[in-house]
Amino acid sequence: MIEAMPLILFGVLFLLLLFGFPVAFTLGGVSFILGYFTFGMDFFNLLPLRIWGVMTNYVLIAVPLFVFMGVMLEKSGLAEQLLETMAMLFGRLRGGLAMSVVVVGALLGASTGIVGATVVTMGLLSLPTMLKRGYRTEVATGTIAASGTLGQIIPPSIVLVLLGSILNVSIGDMFMGAVIPGLVLVSLYLVWIVIVAIARPEFAPAMPREDLDRFRGSGVVWRVVQAFVLPFALILAVLGSIFAGIASPTEAAAVGALGATLLTTFQRKFTYETLKSVMAETTRLTCMVFIILVGATAFGLVFRGMRGDHYLTSLILGANLGPNTFLALVMVVIFIAGFFIDFIEITFIIVPVVAPIFVALNVDLLWIGILIAMNLQTSFLTPPFGFSLFYLKGVAPSEVRTGHIYRGIVPFIVIQLIGLALVILMPEMATWLPGSLTN
């Protein structure tokens with residue numbers, strides 16, 4: 001019975017989460033109760049030390065800084081310029097509008113990394129245009145919802161920071177390892193749109209010439225330069241400084257926060273109210289992440305105090321599960337969990353438990369971190385609780401039903417699973433770039 005206590009802890013936790021209790025207080029509350037009954041008052045002597053260790057973790061300072069960068073860029077008008085420019089460049093192609101949404105989703109992912117802001121912005125600006133130009137509703141909604149999640153895998157990404165911290169893997173290596181898988185995922189999205197445009201041209205028509213002429217007008221070259229140079233400069237400042245070894249991820253996040261502020265000022269969108277709004281949103285999102293992290297720290301202390309990590313490791317090794325079998329099991333569990341709970345909860349609940357087992361099986365944790373990040377990205381699209389679907393439904397025109405959105409994301413979920421399978425079969429996609437740049 002004592003050996004089964006970690007499983008009981010897991011069972012109670014997931015049951016309460018499924019009933020809708022807040023994850024931070026569920027993690028902390030269940031851990032406090034079981035910790036007290038298991039270890040007595042000694043539990044409350046150990047817990048503050050663990051929480052203090054988390055709060056003073058220098059690497060995690062990158063979280064509020066990247067959040068600030070993303071929220072500030074949302075206010076800069078960058079997304080609107082990118083979408084308009086990409087529509088102008090790709091509009092004459094069948095499926096061109098959908099392609100422009102994917103490319104903009106990738107660029108915003110590398111600039112902001114905030115899924116909600118990206119999906120809402122592209123939903124407000126692109127969805128009415130795509131529907132007006134004859135796009136099938138499922139194609140339009142699926143493309144926007146999926147493209148908005150690219151910020152989860154394309155660095156700089158908050159989930160990569162959190163995974164690197166939990167797995168004890170360099171954040172810089174996590175960022176470098178995610179570059180090729182992220183680009184592969186973007187390429188697969190574009191290939192799918194091309195296939196749809198060729199097989200069913202009525203689903204993704206080209207824009208009429210008169211609309212393109214209106215888009216272009218005067219000053220087209222300057223608009224293109226302005227739309228691309230500014231975000232690329234910011235991406236280069238953040239990722240380039242990390243990859244070149246000039247700055248740590250935390251220092252690069254500070255550079256990004258300053259760069260986003262300067263970019264917003266250049267766009268003449270920076271005001272006191274803007275700064276106040278950005279700081280309030282940054283505080284809210286950061287507090288949400290860290291209060292969950294405190295609950296997860298209490299959960300980890302209880303779980304390890306019950307020797308749950310040793311129990312699970314011996315259980316897996318005793319079952320003679322090889323590394324590949326165990327990896328497949330973990331990927332399936334994370335994918336299914338993504339239907340019901342969000343990526344932060346999965347990151348703090350499941351990843352710390354499976355990490356020691358991967359270490360015991362001598363598996364590359366950098367590769368595992370990228371695989372988990374790609375899997376977690378899918379949780380934004382899987383119903384019934386895919387947040388990207390909620391964000392898009394909230395800004396979609398009234399004629400767009402929930403069923404349209406659910407059907408539209410099915411091909412992109414399949415594409416993400418294909419991308420995940422490719423990285424599983426070819427680990428070099430995640431490990432080659434970090435290895436080549438550090439050697």
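The values are calculated or read from the model by the stated rules, or taken from the named source; none is laboratory data. Given the structure is predicted, the values throughout are model-derived calculations rather than measurements. Positions of Cβ are generated from backbone atoms using ideal geometry, with glycine treated the same way; all protein chains shown enter the neighbour counts.
Considering only segment 399-416, I want to know if a residue exists there that is surrounded by 20 or more Cβ atoms within 10 Å (Cβ to Cβ) and hydroxyl-bearing (S, T, Y).
Among the residues of segment 399-416, at least one is surrounded by 20 or more Cβ atoms within 10 Å (Cβ to Cβ) and hydroxyl-bearing (S, T, Y), which makes the answer yes.
Select from segment 379-424 the residues that are modelled with pLDDT under 90, part of a helix (DSSP H, G or I) and among the small types (G, A, S) and write down the one among them that is farthest from L150 (Cα to Cα).
G403
Considering segment 160-180 alone, what residues qualify as being crowded, with 24+ Cβ neighbours inside 10 Å and within 22 Å of A421 (Cβ to Cβ)?
L160, L163, M174, M176, G177, A178
Give me the residue from segment 367-398 that is over 21 Å from R136 (Cα atoms) and among the small types (G, A, S) and, out of that set, surrounded by the fewest Cβ atoms within 10 Å (Cβ to Cβ). Break it down into steps so the answer makes sense when it comes.
Filtering segment 367-398 down to residues over 21 Å from R136 (Cα atoms) leaves 367-380, 384-387.
Next, only the ones that are among the small types (G, A, S) stay: 369, 373, 379, 386.
Numbers: G369: 27, A373: 28, S379: 26, G386: 23.
Here the answer is G386.
Search segment 112-128 for residues being modelled with pLDDT of 80 or more and among the aliphatic types (A, V, I, L, M), and hand back the single one that is nearest to M207 (Cα to Cα).
Ranking the qualifying residues of segment 112-128, first place goes to L127.
Can you find even one residue in segment 270-278 that is surrounded by 15 or more Cβ atoms within 10 Å (Cβ to Cβ), aliphatic (A, V, I, L, M) and at pLDDT 85 or above?
Just the residues of segment 270-278 that are surrounded by 15 or more Cβ atoms within 10 Å (Cβ to Cβ), to begin with: 270, 274, 277-278.
If we keep only those that are aliphatic (A, V, I, L, M) too, we end up with 278.
In the following step, the residues that additionally are at pLDDT 85 or above were identified as 278.
Yes, the conditions are met somewhere in segment 270-278.
State all residues of segment 234-277 that are among the acidic types (D, E) and under 18 Å from P64 (Cβ atoms); if no residue qualifies, say none.
If the condition is that a residue be among the acidic types (D, E) and under 18 Å from P64 (Cβ atoms), then E251 is the only one that fits.
Is segment 358-368 home to any residue that is touching a residue at least 24 places away in the same chain (Cβ under 8 Å), under 16 Å from V333 (Cα atoms) and of a type in the set (A, V, I, L, M, F, W, C)?
At the first step, the residues of segment 358-368 found to be touching a residue at least 24 places away in the same chain (Cβ under 8 Å) are 358, 360-368.
Applying the additional criterion that residues be under 16 Å from V333 (Cα atoms) yields 358, 368.
Then drop every residue that is not of a type in the set (A, V, I, L, M, F, W, C), which leaves 358, 368.
The answer is yes; a qualifying residue exists.
Determine if segment 98-119 includes at least one residue that is polar (S, T, N, Q), within 30 Å of F299 (Cα to Cα) and touching a helix residue (DSSP H, G or I) at 6+ places or on another chain (Cβ under 6 Å).
No.
Limited to segment 118-155, what total is found for residues that are under 19 Å from F232 (Cβ atoms) and among the small types (G, A, S)?
2
So which residues in segment 22-81 are hydroxyl-bearing (S, T, Y) and surrounded by 15 or more Cβ atoms within 10 Å (Cβ to Cβ)?
Kept after step one, since they are hydroxyl-bearing (S, T, Y), are these residues of segment 22-81: 26, 31, 36, 38, 56, 58, 76.
Passing the criteria: T26, S31, T38, S76.
Taking segment 306-330 only, how many residues are surrounded by 19 or more Cβ atoms within 10 Å (Cβ to Cβ), in a helix (DSSP H, G or I) and modelled with pLDDT of 70 or more?
Final tally of qualifying residues: 3.
Does segment 33-45 contain at least one residue that is under 20 Å from the mean Cα position of the chain (by Cα) and small (G, A, S)?
No, because not a single residue in segment 33-45 is under 20 Å from the mean Cα position of the chain (by Cα) and small (G, A, S).
Residues checked against (1) crowded, with 24+ Cβ neighbours inside 10 Å; (2) modelled with pLDDT under 85; (3) farther than 24 Å from D364 by Cα:
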| residue | (1), (2), (3) |
| --- | --- |
| F90 | no, yes, yes |
| V104 | yes, yes, yes |
| A110 | no, yes, yes |
| K132 | no, yes, yes |
| A146 | yes, no, yes |
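Just one of the numbered conditions (1) in a helix (DSSP H, G or I); (2) closer than 16 Å to T118 by Cβ is not true of T431; which one?
All conditions are met except number (2).
If I ask for residues that are part of a helix (DSSP H, G or I) and either surrounded by fewer than 13 Cβ atoms within 10 Å (Cβ to Cβ) or in contact with a helix residue (DSSP H, G or I) (Cβ under 8 Å, 6 or more places away or on another chain) (or both), which ones from segment 258-269 would you list?
First, the residues of segment 258-269 that are part of a helix (DSSP H, G or I): 258-266.
Across segment 258-269, the qualifying residues are G259, A260, T261, L263, T264, F266.
Just to be sure I understand the filter: pairs with C-beta atoms under 6 Å, separated by 6 or more residues or on different chains, first member in segment 1-29 and more than 17 Å from F348 (Cβ to Cβ), second member modelled with pLDDT of 70 or more. Which pairs pass?
Listed pairs, sorted by first residue: M5/M306.
Taking segment 349-378 as the search range and keeping residues that are in a loop (DSSP other than H, G, I, E, B) and modelled with pLDDT of 85 or more, which one is nearest to G164 (Cα to Cα)? It would help to see each step written out before you state the result.
First pass over segment 349-378, keeping only residues in a loop (DSSP other than H, G, I, E, B): 350, 361-364.
Okay, now just the ones that are also modelled with pLDDT of 85 or more, so 361-364.
Values: L361: 19, N362: 17, V363: 15, D364: 13 Å.
Ranking the qualifying residues of segment 349-378, first place goes to D364.
Out of the residues in segment 331-343 that are crowded, with 20+ Cβ neighbours inside 10 Å and part of a helix (DSSP H, G or I), which is modelled with the highest pLDDT?
From segment 331-343, those crowded, with 20+ Cβ neighbours inside 10 Å are 334, 337-338, 343; that's our starting set.
Those still in the list that are part of a helix (DSSP H, G or I) too: 334, 337, 343.
On the way: I334: 88, A337: 80, F343: 78.
Only one residue tops the list, namely I334.
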